[in-house]
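J.: Below: one structure in structure tokens.
The values are calculated or read from the model by the stated rules, or taken from the named source; none is laboratory data. Because the structure is predicted, anything quoted here is derived from the model rather than measured. Cβ: placed from backbone, ideal geometry, glycine included. Neighbour counts: every protein chain shown. All accessible areas refer to the heavy atoms of the entire protein, side chains included, with ligands and DNA or RNA removed. Shrake-Rupley method; radii C 1.70, N 1.55, O 1.52, S 1.80 Å.
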Amino acid sequence: MVLVSEEKVFLNGDIVPLSRALVPIDDRAVLFGDSVFETVRAYGGCPFRLWRHIERLAESCRLTQLALPLSAKEITAAVAALLADNRLDREGDARIRITVTGGPSSGPGGLERPGPTGMFITARPYQPPGEVDYGRGITLAVSGLKRNSSSPLSSVKSGNYLDSMLARQDALDRGSDDAVMLTTAGNLSEATSSNIFLAKDGELMTPNVGCGFLPGVTREAVIELCGRISMPCKAIMEGLDTLMAAHEVFLTNSMFELMPVCRVGTRVLPSCPGPITKRLTAAYRDLIASETPTI
């Protein structure tokens, strides 16, 4: 891959060098975490389902009363230009992050924002996990931090990310790769930055959207694929016992796609990756190939 002299960033309508991409210290994103974002993976310069991420970004803006600074068409064009300027438009994978900030602050009032909202986009090379990682899977601790399904932020990808970071650090400190989180009612929710699926006796399950998590674009695609290959997928609102009785568990997010889980807490999963995980992983990669043609 050819490297550029300095990474470029899209900031409020312009593509500028990273060293000039500055967010003011009085931006509400800095002071109050008043921001929403999306993370998108690009394959050989082609973002996977960018349109769906932009739709979800717009919904997050609506729920937090943020004005989306650009149209979907303008965001798509900005992403394409940024990939080209960073020489990520031809080969290799990239991580794209689109962030909307609250803009200038007039104090810690409500959601009234005195100035225009801000937007920045980054596009950086992404090295996915190797096939060995997918073959052995990852380990999950059970977090003591809970997802609040009554909070509107549970369905928003916001800059308020410390709960997830605290839960993940606790998992790392305990020798695990990530953490599974429950709701305040004790139902399965998600991992710290990914959705969770589990299978038992050939049945695939995933937490119901009322379980305090953001439904991911990859989760949505997996459920779509289940319909295509006639694999039932049941939305559940159940507790940790159901997860501990599963035969297979995998996580989904836009960057690592489908990641098998080999252990939850002290329980080693009997199958990692199991047959359902393998089948859906192959189907998902076929979907990517069909939607991200080589430029």
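J.: Quick check on the stretch 166-176. Is at least one of its residues over 21 Å from G239 (Cα atoms), in contact (Cβ under 8 Å) with a residue 24 or more places away in the chain, open to solvent by less than 80 Å² (accessible area, probe 1.4 Å) and not in a helix (DSSP H, G or I)?
T.: Yes, that holds for at least one residue.
J.: Just for the stretch 263-294: of the residues that are closer than 13 Å to T139 by Cα and buried (at least 19 other Cβ atoms within 10 Å of the Cβ), which one is farthest from the chain's Cα centre (by Cα)?
T.: Once the filter is applied, the top-ranked residue is L269.
J.: Now, a different point. Is it the case, given these coordinates, that R87 is open to solvent by 50 Å² or more (accessible area, probe 1.4 Å), out of contact with any Gly (no Cβ under 6 Å at 6 or more places or on another chain) and on the phi > 0 side of the Ramachandran plot? Spell out how you get there, then give the answer.
T.: On the way: open to solvent by 50 Å² or more (accessible area, probe 1.4 Å): yes; out of contact with any Gly (no Cβ under 6 Å at 6 or more places or on another chain): yes; on the phi > 0 side of the Ramachandran plot: yes.
Yes, satisfied.
J.: For the stretch 130-165, what are the residues that are part of a loop (DSSP other than H, G, I, E, B) and open to solvent by 40 Å² or more (accessible area, probe 1.4 Å)?
T.: N148, S149, S150, N160, Y161 - these are the residues of the stretch 130-165 that are part of a loop (DSSP other than H, G, I, E, B) and open to solvent by 40 Å² or more (accessible area, probe 1.4 Å).
J.: Which of the following residues is open to solvent by less than 70 Å² (accessible area, probe 1.4 Å), more than 16 Å from T117 (Cα to Cα) and at pLDDT below 95: V4, V16, V9, V79? Full working, then the answer.
T.: Working: V16 fails: at pLDDT below 95; V9 fails: at pLDDT below 95; V79 fails: at pLDDT below 95.
The conditions single out V4.
J.: Oh, and also: Show the residue pairs that are 6+ apart or on different chains and have beta-carbon atoms under 6 Å apart, the first residue being within the stretch 234-253 and on the phi > 0 side of the Ramachandran plot, the second being open to solvent by 50 Å² or more (accessible area, probe 1.4 Å) and of a type in the set (S, T, N, Q).
T.: If the second residue must be open to solvent by 50 Å² or more (accessible area, probe 1.4 Å) and of a type in the set (S, T, N, Q), no pairs are left.
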